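As structure tokens, the structure follows; a few thoughts come after it.
The values are calculated or read from the model by the stated rules, or taken from the named source; none is laboratory data. Every value quoted in this text rests on a predicted model; they were computed, and no experiment measured them. Because the Cβ atoms are built from the backbone with ideal geometry, glycine has one as well, and the counts that use them run over all protein chains shown. Side chains included, ligands, DNA and RNA excluded: accessible areas come from the protein's heavy atoms. Shrake-Rupley method; radii C 1.70, N 1.55, O 1.52, S 1.80 Å.
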Amino acid sequence: MAQKKNIRQDENLELDKLEKVAGQPKMKDTHNHGKEDTGWKAHWDLLFALVLLVTLLVLEYGFNLNIPDIPLLAVNLVAYFLAGRTVLHLAWRKSKRGDFFNEFVLMSVATIGAFIIGEYEEGVAVMVFYQIGEWFQDSAVNRAKRSIKALLDIRPDEVTVLRNGKAHVSNPAEVELGESIQVKPGEKVALDGELVSVTASFNTAALTGESKPDTKYKGEQVLAGMINLNTLVEVKVTALFRDSKLSKILEMVQDATARKSQTQLFISRFAKIYTPIVFFLALALCLLPYFFVTDYVFREWFYRSLVFLVISCPCALVVSIPLGYFGGIGLASRNGILFKGGNYLDVMTQVKTVVMDKTGTLTKGVFKVQHVVTQELEKDELIKIAAALEKNSTHPIAKAVTDYANKDYESLHVTDIEEVAGHGLKGTVDGKDVLAGNLKLLKKYGVAYPEEAERVTDTIVVVAIDQKYSGYITIADEIKEDAYQAIKEMHNLNIKTVMLSGDKQTVVDQVAKLLGIDDAFGGLLPDGKVDKVENLKKEGHKLAFVGDGVNDAPVIALADVGIAMGGLGSDATIETADVVIQNDKPSKIPVAIKVGKVTRNIVWQNIILAMAVKVVVLALGAGGVASLWEAVIADVGVALLAILNAVRIQQKKL
């Protein structure tokens, strides 16, 4: 279980840089990728080299001007070193460490070889256009990086704290639990807390992806990152700066970039094998024809091998593919969905069954008392005794009972409280032994109850006092507005839907029928949910489990993809999950699947495009048809097309 959650690769792909080759050191060997300044001023040397190259070509081919060899070589060398000094430096550093098979050495050998045989302009052109391709790659990487940082790094640097009746501006990290902060209209909330003001409206888009204002009332939770829309409000801090949900979200996305997909890992391993093979093939292309070709000319075959080296550069693959997954994580984040790694984007595309918890996932988890039925006891007395016991539970059903009792239970003395997992509570209230829970609790303790209790379809809390049945309370939960649409969209994607719940079977069947869920199982304890998921996996189902409670954490860990409802969900569940839905909307489940499929499709388009073009031009180069000009244009062109295709992920509408 823990092994599944700690999928971290040795190749450390950070938010601040998308590395060119897996396992590449995090020193300056990452070339320019991740470099913040990608404007023309940072590339004046490359642009000047391009001007020199174009000028020479215009003079030579436009005006048929024959420039003497020494001035021609000198100008080309200036242009070459301006454009390629970074590549040459990295090639030298890597070679000193015994790393000869990489794109920097490959480009250096190819361009120096062009100078040796007198093809100066072609050597300069290869380096200039290669570096222009790198420039575009840097810009694409930084665009992807900035889109996620802009979305998530929205924690304010200052907060107004109320101390001794006065407002003080402070660093959010210095605010203590229980202190009150002020949030002005248009200001971002800096810390998680409880609303002290009567009411306020907030923009929650940064956390949930939803632009619709969210109205909060006194006592309700307010989260860091929300924007106060209309009036000055006061918030009582309930979590330290480092423990806020926003801080945890930012950590999740930063960690996500360290978890590579299987496709990324394959391409990284492929590049390590592919590059040395290309070197030796180029060497063979230059030397072997000597033994088979009657009119062998070294210069001609050496030139063909240089073309072979240039077109074989793997940069289109090793940059555009991680960029594609990075774009997928960014697209999901903008839709209020957090993937904890590119590997989970891959697995999400393979999911054929989605298993869901009921309460808090498909229903709102906001329960209200509907009816109170008693036996030899006043209704108010039954509610009072039940609430005195239920106040010791955090379960939504317990909260419904205590809210209904309206604090009348606070005068009662409660001792010996014991939670019976999956059943309810047991304790002593004013000297009386009380049981409050489901019918299984009464069966467990041998308390007889009337048959009518079995026929109640709503959620039921049965109460027994001194081993004698005293009545029951019915409680109803409201189905989420988008739950039906979520199930419908999953069916459109040919995904089977299953619901598991600790609630009784009649309630579960009723919800399943309303929503059109394929299979539904009720009356399950946490270990029962684990058994059901294990059985589904044994049947060959690639499944995702969606839940929100602490008791869902084991099942989320067991599933191929664990999905947590991040708004209402427990910290344990969110920590265990692979994917977090920030706004608790089940309609985001099919969106998460679509993000995974869009990412996979674009990544494989890039792989097929790059490999197809390279194979064709490699064959043409080996046959003497393609020149260095065609090779560099094909290499840079494929890289740019692949990068533009990867960037397209971020613009997708789902």
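Descriptive notes on the structure:
- Backbone phi angles across segment 79-87, fed through the Karplus curve with coefficients 6.51, -1.76 and 1.60 (θ = phi - 60°), yield HN-Hα couplings of 4, 4, 6, 4, 7, x, 5, 5, 5 Hz in residue order; Gly and Pro are listed as x.
- Segment 527-653: relative contact order in percent, alpha carbon pairs under 8 Å with at least 6 residues between: 15
- Three principal axis extents describe the C-alpha atoms of segment 67-106; from largest down they are 40, 15, 14 Å.
- Each Cα pair under 8 Å and six or more residues apart adds its sequence gap; the mean of these over the residue count of segment 578-654 is a relative contact order of 40 percent.
- Computed log₁₀ I(q)/I(0) - Debye formula, equal Cα scatterers, no solvent, segment 471-572, q 0.11, 0.18, 0.19 Å⁻¹: -0.35, -0.97, -1.09
- Loop trypsin sites (Lys or Arg not before Pro), segment 45-144, which have at most 13 other Cβ atoms in a 10 Å radius of their Cβ (DSSP): Arg97
- Whole-Hz Karplus values for segment 286-292 come out as 7, 9, 4, x, 3, 8, 10 Hz, taken residue by residue from phi with 6.51 cos²θ - 1.76 cosθ + 1.60 and θ = phi - 60°; glycine and proline positions read x.
- Gyration tensor (alpha-carbon) shape descriptor, segment 367-482, a/c threshold 1.5: rounded
- Mean Cβ count within 10 Å, highest first, over the residues of peptides 399-405, 174-180: 399-405, 174-180
- By average C-beta atoms within 10 angstrom, highest first, the peptides 489-495, 578-584: 578-584, 489-495
- Phi-derived couplings, Karplus 6.51 cos²θ - 1.76 cosθ + 1.60 at θ = phi - 60°, listed residue by residue for segment 236-241: 8, 6, 10, 8, 5, 3 Hz, with x used for Gly and Pro.
- The order of Trp92, Trp301 by accessible area, most exposed first and with a 1.4 Å probe, is Trp92, Trp301.
- Cβ crowding within 10 Å averaged over residues, with 613-620, 290-297 ranked highest first: 613-620, 290-297
- Spatially proximal aspartates and glutamates relative to Lys594 (Cα-Cα < 15 Å; intrachain offsets below 8 disregarded): Asp346, Glu489
- Sequence-distant aspartates and glutamates (8 or more away, or on other chains) whose Cα lies within less than 19 Å of Lys538: Asp518, Asp519, Asp527, Asp560
- Intensity falloff of segment 529-654 expressed as log10 I(q)/I(0), Debye formula with alpha-carbon point scatterers, at q = 0.09 Å⁻¹: -0.46
- Figure note: Lys653, Lys597 ranked by solvent-accessible area, largest first, 1.4 Å probe, ligands and nucleic acids not counted: Lys653, Lys597.
- Cα-Cα over 19 Å, subset of Lys364/Lys443; Lys488/Lys529; Lys542/Lys597; Lys364/Lys652; Lys218/Lys585: Lys364/Lys443; Lys488/Lys529; Lys364/Lys652; Lys218/Lys585
- Loop-located GluC sites (Glu not before Pro) in segment 360-417 (DSSP state other than H, G, I, E, B) with a sparse environment of at most 16 neighbouring Cβ atoms within 10 Å: Glu376, Glu378.
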